[in-house]
Amino acid sequence: MVRPQPGAAATAARAAAIGLECACYPLFAVAPLDWMPSPPQDHDALLLTSAHGVTQAGDALARYHGLPSYAVGARTAAALEAAGFGNVVAGDSDGAAILRRIAMDGHRRLLHIAGADSAPFDAGSLSITRVAVYAAREAGDAAGLAALVAPGMVALVHSPRAGQRLAALLPEAVRASLHLVAISPAALRAASHGWASAVAASRPDDDAMLALAARLCK
């Protein structure tokens, strides 16, 4: 599993709880960025697509407590609730699905708190102000990763960028012996081809990914 900390440790703990052994080799390290909060009245709603947006934004995020809040994934929604946001709407699919829900709820001016490398959305009828509050810097290397993997392992990929980098670090001969579980169809596509098997989770969260991994490990 290659996600950054502290998410890697959280995933490993969930894996252990269902009897899976999990090896962590983060391919990125998350760090906060300086950012300038815009006036809350400039926006109708708030969107977060990663729990890192909550943990790395700092105290300034609290100025948006009054906005309707939306999250992609249950973990991101839980992070928002822990930071004092009420009535958070959690999407159980992807960014496009939550944007449709936001538009259906009548909002038009959306503030997206994101990472510097977050994939852009098709805004449709929405006006989206995207603010980067964190960056994921590359960590690890091909040699370190190769020393960890073994045939039959299941690789968990939590983002398109992680899928792309994992595929770049592992030669096809190694990928052919590994199974891949991706958090989304976009992450699955980014991980390229050549895996023993590759599948996207039905929901963008650890529980859905680990359920797939458990079946592959039987």
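The values are calculated or read from the model by the stated rules, or taken from the named source; none is laboratory data. Remember, predicted model here, so these are calculated numbers, not experimental data. Cβ: placed from backbone, ideal geometry, glycine included. Neighbour counts: every protein chain shown. These accessible areas exclude ligands, DNA and RNA; they are computed on the full protein's heavy atoms, side chains included. Shrake-Rupley method; radii C 1.70, N 1.55, O 1.52, S 1.80 Å.
Conditions tested, residue by residue: (1) open to solvent by less than 70 Å² (accessible area, probe 1.4 Å); (2) of a type in the set (Val, Ile, Thr).
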{"position": "Met104", "(1), (2)": "no, no"}
{"position": "Leu111", "(1), (2)": "yes, no"}
{"position": "Gly144", "(1), (2)": "yes, no"}
{"position": "Leu148", "(1), (2)": "yes, no"}
{"position": "Ser159", "(1), (2)": "yes, no"}
{"position": "Gln164", "(1), (2)": "no, no"}
{"position": "Val174", "(1), (2)": "yes, yes"}
Just a yes or no: is a residue in segment 28-40 in contact (Cβ under 8 Å) with a residue 12 or more places away in the chain, in a helix (DSSP H, G or I) and either more than 30 Å from Ala214 (Cβ to Cβ) or out of contact with any strand residue (DSSP E or B) (no Cβ under 6 Å at 6 or more places or on another chain) (or both)? yes
Of everything in segment 199-209 that's open to solvent by less than 50 Å² (accessible area, probe 1.4 Å) and either out of contact with any Leu (no Cβ under 8 Å at 6 or more places or on another chain) or farther than 20 Å from Thr49 by Cα (or both), which residue is modelled with the lowest pLDDT? Pro204
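Any residue in segment 127-135 that is touching a helix residue (DSSP H, G or I) at 6+ places or on another chain (Cβ under 7 Å) and either open to solvent by 30 Å² or more (accessible area, probe 1.4 Å) or in contact (Cβ under 8 Å) with a residue 24 or more places away in the chain (or both)?
Residues of segment 127-135 that are touching a helix residue (DSSP H, G or I) at 6+ places or on another chain (Cβ under 7 Å), as a first pass: 133-134.
Filter again for either open to solvent by 30 Å² or more (accessible area, probe 1.4 Å) or in contact (Cβ under 8 Å) with a residue 24 or more places away in the chain (or both), leaving 133-134.
Yes, some residue in segment 127-135 is touching a helix residue (DSSP H, G or I) at 6+ places or on another chain (Cβ under 7 Å) and either open to solvent by 30 Å² or more (accessible area, probe 1.4 Å) or in contact (Cβ under 8 Å) with a residue 24 or more places away in the chain (or both).
Matching residues to (1) in contact with a Pro (Cβ under 8 Å, 6 or more places away or on another chain); (2) within 23 Å of Asp122 (Cβ to Cβ); (3) exposed (fewer than 13 other Cβ atoms within 10 Å of the Cβ):
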{"residue": "Ala16", "(1), (2), (3)": "no, no, yes"}
{"residue": "Cys22", "(1), (2), (3)": "no, no, no"}
{"residue": "Asp34", "(1), (2), (3)": "no, no, yes"}
{"residue": "Ser38", "(1), (2), (3)": "no, yes, no"}
{"residue": "Ala45", "(1), (2), (3)": "yes, yes, no"}
{"residue": "Ala57", "(1), (2), (3)": "yes, no, no"}
{"residue": "Thr76", "(1), (2), (3)": "no, yes, no"}
{"residue": "Val89", "(1), (2), (3)": "yes, yes, no"}
